[in-house]
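Below: one structure, written as structure tokens.
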Protein chains: 2
Amino acid sequence: MELLEERIRRDGKIRGGDVLKVDSFLNHQMDVSLFAEIGKEFRRLFGDCGVTKILTIEASGIGIACVTAQFFGCPVIFAKKNKTKNIAGDVYTSKVESFTHGKVYDIIVAREFLRPEDRVLLIDDFLANGSALQGLIKLVEDAGATLVGAGICVEKAFQPGGDRIRSMGVRVESLARIKSMSEETGVEFC
Amino acid sequence: MELLEERIRRDGKIRGGDVLKVDSFLNHQMDVSLFAEIGKEFRRLFGDCGVTKILTIEASGIGIACVTAQFFGCPVIFAKKNKTKNIAGDVYTSKVESFTHGKVYDIIVAREFLRPEDRVLLIDDFLANGSALQGLIKLVEDAGATLVGAGICVEKAFQPGGDRIRSMGVRVESLARIKSMSEETGVEFC
């Protein structure tokens, strides 16, 4: 997606070789007019798949997922990272390893919101090692729902997550795929 | 807001006297068509205030804030609950006490996204004890930005947060204000 690649070139900041900061428009400050274009693109890619639910993971996937869901006319569910008092025991769970935060945590979705008849589109801002996406895929499988695919904004294609998940037979559509990046030469897209 | 009150009456679940579960449409599964109506209502209330940024807090405020921001044509910033490797040191911070999770945590916003010239609207799903909102207000004050007010979906008016924050001179607009609730008699609105 040309618009997103241009924005990454213009406003993305590379730190230390493998960290791409896009927090001025994607995952801290959020440009919702860009999100609308992203949502339209996901609709173009997955619009004929009968999506009934969009599933994402807190926190930075939520905004993109909600704006995208407006183009699908379906609800969003976000997997929560911690068990809170407000969530009863009837949940699907899986484990996610965060390389950014350097820890493993549980994610949960209430069973009542993910049903066998659902056709689920996963949405997230980043795909790098794929741990978050694999955690979400397991939630969909545990629910017996149909996984339509995953819509990703930025894939670090030089990290193994994308290949790993495609090799599981999951359709992954990434709007910007980064082949390589460095502080000296900037970002090169696939 | 009649639509939201009706939805709370229909789909909200009261647990143990002071917990209102609205996770089927507001803060776990999210009805984005309802969010669009909420966003329009906030626009009606705050549309003439020159809002340049919407500030919310992760995670459940993000979806509502992003859909609302589409009606204001401005970006959203969400305050993060944990310091991650991807956020540099140049941040505003404040402390928030979560009664749901039973702990105190720091919230942060990168200084570069909250400027003295900004006119900030706070958006959140719930107002009860007001700790999250007070944390956000402090971030805006620390930045020297102008606080336009706070747009809240559900205020538990029987808890002290709303009164406390209004007494600070902050304009708080809550779309559904709960006067009392119980498992036996349901929800009564103000």
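The values are calculated or read from the model by the stated rules, or taken from the named source; none is laboratory data. Note that the structure is predicted; figures quoted are calculated from it, not measured. Note that each Cβ is placed from the backbone with ideal geometry, even for glycine, and that neighbours are counted across all protein chains shown. For accessibility, only protein heavy atoms count, side chains too; no ligands or nucleic acids. Shrake-Rupley method; radii C 1.70, N 1.55, O 1.52, S 1.80 Å.
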For the protein assembly as shown, just the Cα atoms, rotate onto the principal axes and tell me the three extents in Å, largest first.
-> 56, 49, 35
What total accessible area, in Å², is buried where chains A and B meet, using a 1.4 Å probe and rounding to the nearest 100?
-> 3400 Å²
Over 24 Å (Cα to Cα) - which of B:K95/B:K156; A:K95/B:K13; B:K81/B:K179; B:K81/B:K138; A:K95/B:K95; B:K138/B:K179 fall in this group = A:K95/B:K13; B:K81/B:K179; A:K95/B:K95; B:K138/B:K179
Simple spin-label estimate for B:S98/A:S33, 7 Å along Cα→Cβ, in nm, reads 3.4 nm
In chain A, helical segments from DSSP H whose Cα atoms cover 15 Å or more along their own axis and that average at least 0.5 on the Kyte-Doolittle scale are A:61-72, A:131-143
Taking only protein heavy atoms into account and a 1.4 Å probe, give the accessible area per residue of region A:1-145 in Å².
-> 39 Å²
Residue by residue through region A:120-130, the couplings from Karplus 6.51 cos²θ - 1.76 cosθ + 1.60 with θ = phi - 60°, in Hz, x for Gly and Pro, are 10, 9, 8, 10, 8, 7, 10, 10, 10, 7, x
Over region B:1-107, with a single point scatterer placed on each C-alpha, what log10 of the ratio I(q)/I(0) does the Debye formula yield at q = 0.13, 0.16, 0.17 1/Å?
-> -0.62, -0.90, -0.99
Per DSSP H run of n ≥ 4, the term is -39500 (n - 2.57); total these for chain B, divide by its residue number, and report the mean residue ellipticity at 222 nm rounded to 500 deg cm²/dmol.
-> -9000 deg cm²/dmol
Please give the residues of region B:109-139, grouped as numeric ranges, whose backbone N is less than 20 Å from a label point set 7 Å along the Cα-to-Cβ vector of B:S167.
-> B:127-138
Computed for region B:80-190: size of charge dipole around the Cα centre, +1 on C-beta of each Lys and Arg, -1 on C-beta of each Asp and Glu, debye to nearest 20, value 300 debye
In percent, what relative contact order does chain A have, based on Cα pairs under 8 Å that are 6 or more apart in sequence?
-> 20 percent
Nearest-5 percent of antiparallel DSSP beta bridges in chain A?
-> 45 percent
7 Å along Cα→Cβ, label-point gaps from B:K138 to other copies, nm, shortest first = 3.6
Could you size up the charge dipole of the protein assembly as shown around its Cα centre, putting +1 on the beta carbon of Lys and Arg and -1 on that of Asp and Glu, and report it in debye to the nearest 20?
-> 480 debye
When N is the residue count of region B:117-167, what does its C-alpha Rg come to as a fraction of 2.2 N^0.38 Å?
-> 1.11
Carbon/sulfur accessible area of region B:43-190, % of total, 1.4 Å probe, equals 45 percent
List the aspartates and glutamates whose Cα lies under 19 Å from the Cα of A:K40, skipping any in the same chain that are fewer than 8 positions away.
-> A:E2, A:E5, A:E6, A:D31, A:D48, A:D124, A:D125, A:E155, A:E173, B:D31
Orientation-averaged projected area, Cα convex hull of chain B (nm²) | 10.3 nm²
